[in-house]
1. Checking the conditions here, which among I136, I78, I62, I115 is under 30 Å from F272 (Cβ atoms), under 15 Å from the mean Cα position of the chain (by Cα) and in a helix (DSSP H, G or I)?
2. Within segment 11-62, can you find the residues that are in contact with a Leu (Cβ under 8 Å, 6 or more places away or on another chain) and either among the small types (G, A, S) or open to solvent by 80 Å² or more (accessible area, probe 1.4 Å) (or both)?
3. Scan segment 74-89 and give yes if some residue there is surrounded by fewer than 12 Cβ atoms within 10 Å (Cβ to Cβ) and either of a type in the set (G, A, S) or farther than 23 Å from Q123 by Cα (or both), otherwise no.
4. Quick one: in segment 143-177, which of the residues that are within 16 Å of ligand 4 (Cβ to nearest atom) and hydroxyl-bearing (S, T, Y) is modelled with the highest pLDDT?
5. Select, from E161, E149, E175, the only residue that is among the charged types (D, E, K, R) and away from ligand 1 (no atom under 16 Å from the Cβ).
6. How about segment 64-123: which of its residues are free of Cβ contacts under 8 Å to residues at least 60 places away in the same chain and polar (S, T, N, Q)?
7. Are any residues in segment 111-151 open to solvent by 50 Å² or more (accessible area, probe 1.4 Å) and closer than 21 Å to E268 by Cβ, and if so, which ones?
Amino acid sequence: RAKQRGRNCYYPFLQEMADALYRKMTLRHHLSQALENHDFELYYQPIIDLNSQQLKGFEALIRWHDELLGQISPAEFIPLAEETGQIVPLGLWILHSACQQLANWNQRYAQQFIISINLSRAQLQPSIAQTIEQIIRQYNVNPSQLALEITESTMLQDYCETKPCLDALAAMGIELYLDDFGTGYSSLSQLHELPISTVKLDQSFVQGEHSSNKVIIEATKAICDKLNLKIVAEGVETQTQLDYINHCGFDYCQGYFFSRPLPVYELEETYFKAPIMSMAVQL
Ligand code: C2E
Ligand code: MG
Ligand code: MG
Ligand code: MG
């Protein structure tokens, strides 16, 4: 039976591996092209301040549309770009693009928004603070308008190497958010050592049905309170989830319930049409 499916199908497993490898090689090739052509776009997802019910800012999330391959998820191509080192030039493009967007909004609107940008491990090099300082200066953006999202595993991988980078960024007045909290290996005892201002609790806890998720949500909130850290709930999709997050006293929330990540024109249509200062969020 296997023979009928072709030469490579004696073991379906092998065929799968070959397909995955082929997909990877294709993506890798297209990715270098895309880097040259700047075929990327940043989408922005609102982060809501639950106390004031106002917009706190946006998370920048990269999108890649390839003419042949279609839309490719960052969950697929970011790890690939990390493997090949392409994340470094790509990350630079992301930083420039987001700061340019901030400068544009600063000129057009009274309110100063905050954009948070995801940072990969390879970007945490000794030169990162200087690089970002230059970009910020180039676009005349306030460092407090920029936040960097770094996952626990990224932050703690070779912590003696990453720590000076993190400290330098924090010293510049750039807030650091601990991304996907609860999914990595960081122990709670390390949390207080990190130069972070904010913890983003991973969406799996917010969406999880099991009662143990509630225990984790409440425990994380309690620790953040003790350590004076702000806390964001990621992936809030329903009113019930929002109510619970509110009940637990979370500072911020983000998720499809409020808005999906949007391209700039759609974001401006939706959120920037009203006079910005009175733009209360409908919750
Ligand atoms: P992340 O940083 O944890 O980003 C949150 C992801 O959750 C985003 O997926 C976002 O679209 C999605 N999300 C937000 N709200 C909801 C919700 O209510 N329900 C569900 N199911 N999902 C929600 P996205 O945009 O596909 O990005 C996936 C991951 O790729 C990101 O996870 C981040 O690790 C990475 N990534 C995205 N953009 C960048 C970037 O510019 N640079 C780097 N280094 N990584 C990026
Ligand atoms: Mg993130
Ligand atoms: Mg996250
Ligand atoms: Mg994630």
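The values are calculated or read from the model by the stated rules, or taken from the named source; none is laboratory data. This one's a predicted model, so the numbers in the text were calculated from it and none came from an experiment. All Cβ positions, even for glycine, are placed from backbone atoms using ideal geometry, and neighbour counts span all protein chains on display. When the accessible area is computed, the model is the full protein with side chains, heavy atoms only, and any ligands, DNA or RNA have been set aside. Shrake-Rupley method; radii C 1.70, N 1.55, O 1.52, S 1.80 Å.
1. Values: I136 fails: under 15 Å from the mean Cα position of the chain (by Cα); I62 fails: in a helix (DSSP H, G or I); I115 fails: in a helix (DSSP H, G or I).
Checking each option against the conditions leaves just I78.
2. If the condition is that a residue be in contact with a Leu (Cβ under 8 Å, 6 or more places away or on another chain) and either among the small types (G, A, S) or open to solvent by 80 Å² or more (accessible area, probe 1.4 Å) (or both), then R28, A60 are the ones that fit.
3. Yes, some residue in segment 74-89 is surrounded by fewer than 12 Cβ atoms within 10 Å (Cβ to Cβ) and either of a type in the set (G, A, S) or farther than 23 Å from Q123 by Cα (or both).
4. My answer is Y177.
5. On the way: E149 fails: away from ligand 1 (no atom under 16 Å from the Cβ); E175 fails: away from ligand 1 (no atom under 16 Å from the Cβ).
Selected residue: E161, the only one of E161, E149, E175 that is among the charged types (D, E, K, R) and away from ligand 1 (no atom under 16 Å from the Cβ).
6. Selection gives Q71, S73, T84, Q86, S97, Q100, N104, N106, Q107, Q112, S120, Q123.
7. Once the filter is applied, which keeps residues that are open to solvent by 50 Å² or more (accessible area, probe 1.4 Å) and closer than 21 Å to E268 by Cβ, segment 111-151 yields Q112, N140, N142.
One line per residue, one yes/no per condition, for (1) modelled with pLDDT of 95 or more; (2) more than 8 Å from ligand 1 (Cβ to nearest atom):
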{"site": "L50", "(1), (2)": "yes, yes"}
{"site": "Q53", "(1), (2)": "no, yes"}
{"site": "K56", "(1), (2)": "no, yes"}
{"site": "A60", "(1), (2)": "yes, no"}
{"site": "R63", "(1), (2)": "yes, no"}
